[in-house]
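The values are calculated or read from the model by the stated rules, or taken from the named source; none is laboratory data. Quick caveat, the model's predicted, so the values are computed rather than measured. Cβ coordinates were reconstructed from backbone atoms using ideal geometry, including for glycine residues, and neighbour counts include every protein chain displayed. Each accessible area value is taken on the protein alone, full model and side chains, heavy atoms only, with ligands, DNA and RNA left out. Shrake-Rupley method; radii C 1.70, N 1.55, O 1.52, S 1.80 Å.
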Protein chains: 2
Amino acid sequence: MAPNVKSDGRTTRWENHRATRRAEFVQAAVRAIDTLGPDASVADIAAEAGVSKPVLYRYFADKSELHAAVGAWGTDLVLERVIAAVLVPASARDRVTAGVEAYLTTIAEHPQAFLLLTRQHAGGDPLAAGKDLIATKLSRMLGDALRLLGGDTGAAEPWAHAVVGLGSSVGQWWLERRTMSRAAAAGYLGEFIWHALSGAAAEHGVDLSALDPEVGNVRPLRTERTERAGSKDAEQ
Amino acid sequence: MAPNVKSDGRTTRWENHRATRRAEFVQAAVRAIDTLGPDASVADIAAEAGVSKPVLYRYFADKSELHAAVGAWGTDLVLERVIAAVLVPASARDRVTAGVEAYLTTIAEHPQAFLLLTRQHAGGDPLAAGKDLIATKLSRMLGDALRLLGGDTGAAEPWAHAVVGLGSSVGQWWLERRTMSRAAAAGYLGEFIWHALSGAAAEHGVDLSALDPEVGNVRPLRTERTERAGSKDAEQ
DNA sequence: ACTAGATGTGACCATCGGTAACGTCTAACT
DNA sequence: AGTTAGACGTTACCGATGGTCACATCTAGT
């Protein structure tokens, strides 16, 4: 018999199911967006998932919440890849470029879905889009780094938003007009970010490139896989 | 009889009027957006202008074209202010910060309208939003500067988009959560941009701060106000 | 057997971008 | 003079889309 004799086993029966179902719908949304573009309608997404609209609306309050879920999925994917790339043992600057390259590689896999992330959240909607999610996490990382280095932690937030906006804008540009190879774009972009960060660090008497091979204590970037349930990569 | 020659004084009579009327509608759109937010409907804008929808649609093919017009207006305004601020005689770095401060000041005057500029253009719509306009102009400026300095002109486009995206993202963040003063935000942002550009320049053997007081030939920035002239496709 | 809670659908509503049809005014042409 | 071109303006309507309702069904726990 069931071990959990809460008030009703009939209520708790679904709790597990609902999470997996919701994840399925997010994947369906990603597929629909990949094929139909970021303006895919809710009906399109429902059709892709093989259900009708009201079913979707039982899992997501409105369209923006669905978009936010897609954004969270994309955020996790991008962060995962970028962090993995940055952790490789190399010079600090090369690691920045590697991170940028991983970023471009990832968004190139889902170009349409990525465009959703760059969209600002619609007016009046309190739910934050993917960009804000990444900016918040990055802001925390930068803040920790600045604190360790004895820098001005006030810079963390604006710089985090700067890097995110920069990445989103250049990413979109690169996806739409592929006027240069991924490696070239990553090189230019990495150069830009590296100089911005290392220059600022140098101004405060810290030499970032000093910590090249030995990744000691000055690394606040923990792997920090978001403990969101589910393997997002199982797809297609 | 009716001559087949176009003796159209009747045709040319309106050409001047239409331009001013269109500008009026753009201003009405800005007012409506300022009060109702960036999602103001076409009907709202028409009401603000004191006309009905079909009148608007005689001047703008669709909503995105109206938005593009608002974007062009904002672009001109921002560029005008920033360029004026950058032209002040001071150290190169101070001028960067002054430009950033002018930028923040300008967008703070029309926060809602500014959000329109940050929105990406809708899917399938070939019309570029304000961000792309600025990015294109900035790209040309950077390209000229890089050519003069003997740098790699390939960096112009990605860097231009980087700066624009960075500005748009940080601008939006600063407008929404005013967690720091304008001067502070401008300081951090200016620091970031300055190090990115000067660091890259230094890598190519150019010292940007060398050209501090005398602003000589390294100035491809023309004032270039586009909207007044009417035809904004004067150059590509 | 009964119930809770999820599953599912087709029909429906409200909003909004965009258009059609219709009519008026006025300066320029004949 | 009368005619004409081209703008002015409105009401009413269409179509797509986000979002909801009412109603029916299935299944596991009580």
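Mind ranking B:Trp173, B:Trp194, B:Trp14 by accessible surface for me, highest first, 1.4 Å probe? If you can, show how the numbers build up before the last one.
Numbers: B:Trp173 5, B:Trp194 30, B:Trp14 115 Å².
Accessible-area ranking of B:Trp173, B:Trp194, B:Trp14, largest first: B:Trp14, B:Trp194, B:Trp173.
Would you kindly state how much longer the chain becomes between B:Ala183 and B:Lys53 on full extension, computed as 0.36 nm times their sequence separation minus their alpha carbon distance, in nm to one decimal?
Contour length minus Cα-Cα distance gives 42.6 nm.
If the limit is 28 Å between Cα atoms, which of A:Lys131/B:Lys53; A:Lys137/B:Lys131; A:Lys53/A:Lys137; A:Lys63/B:Lys137; A:Lys53/B:Lys53 go over it?
A:Lys131/B:Lys53; A:Lys53/A:Lys137; A:Lys63/B:Lys137; A:Lys53/B:Lys53
What gaps in nm, shortest first, separate B:Ala61 from its twins in the other copies when you place the label 7 Å past Cα toward the beta carbon?
3.9
Could you pull the copy-to-copy label distances for A:Ala47, with points set 7 Å along Cα to Cβ, in nm to one decimal and sorted shortest first?
List, nearest first: 3.4 nm.
List the trypsin sites (Lys or Arg not before Pro) within region A:141-204 that DSSP assigns to loop and that have no more than 16 neighbouring Cβ atoms inside 10 Å.
A:Arg177, A:Arg178
When all protein chains stay in place, what accessible area (Å², nearest 10, 1.4 Å probe) is found for B:Lys53?
Here the accessible area works out near 100 Å².
Can you give the accessible area of B:Tyr188 in Å² (nearest 10), computed on protein heavy atoms with a 1.4 Å probe?
Around 40 Å² of this residue is reachable by solvent.
List, shortest first and in nm to one decimal, how far the label point of B:Glu24 (7 Å from Cα along Cα→Cβ) is from its counterparts in the other copies.
5.8
What nm value, rounded to one decimal, do you get for the distance between A:Arg21 and A:Arg147 when each label is placed 7 Å out toward the C-beta?
The two pseudo-label positions are separated by 4.2 nm.
Please calculate how many Å² of accessible area region B:16-60 carries per residue, with a 1.4 Å probe and no DNA, RNA or ligand atoms counted. Before the final figure, lay out the partial values.
Numbers: 2310 Å² over 45 residues.
Per-residue accessible area for region B:16-60 comes out at 51 Å².
Indicate the residues belonging to region A:149-195 that lose 50 Å² or more of solvent-accessible heavy-atom surface (probe 1.4 Å) upon moving from the chain alone to the assembly of all protein chains, ignoring ligands and nucleic acids.
A:Glu157, A:Pro158, A:Trp159, A:His161, A:Ala162, A:Ser169, A:Trp173, A:Tyr188, A:Glu191, A:Phe192, A:His195
Using a 1.4 Å probe and counting only protein heavy atoms, arrange B:Asp44, A:Asp132, A:Asp207 so the residue with the most accessible area comes first.
Ranked list, largest accessible area first: A:Asp207, B:Asp44, A:Asp132.
Going by Cα centres, region B:146-182 and region A:87-116 are how many Å apart?
Using only Cα atoms, the two centres lie 19 Å from each other.
Report the accessible area of B:Val206, computed with a 1.4 Å probe over the heavy atoms of all protein chains in place, in Å² rounded to the nearest 10.
Accessible area, nearest 10 Å²: 30 Å².
Suppose each label sits 7 Å from its Cα in the direction of the beta carbon; what would the A:Ala43-B:Glu176 distance come out to in nanometres?
Taking the simple label geometry, A:Ala43 and B:Glu176 are separated by 3.1 nm.
Can you sort B:Val170, A:Val82 by 1.4 Å-probe accessible area, starting with the largest?
Largest accessible area first, the residues go A:Val82, B:Val170.
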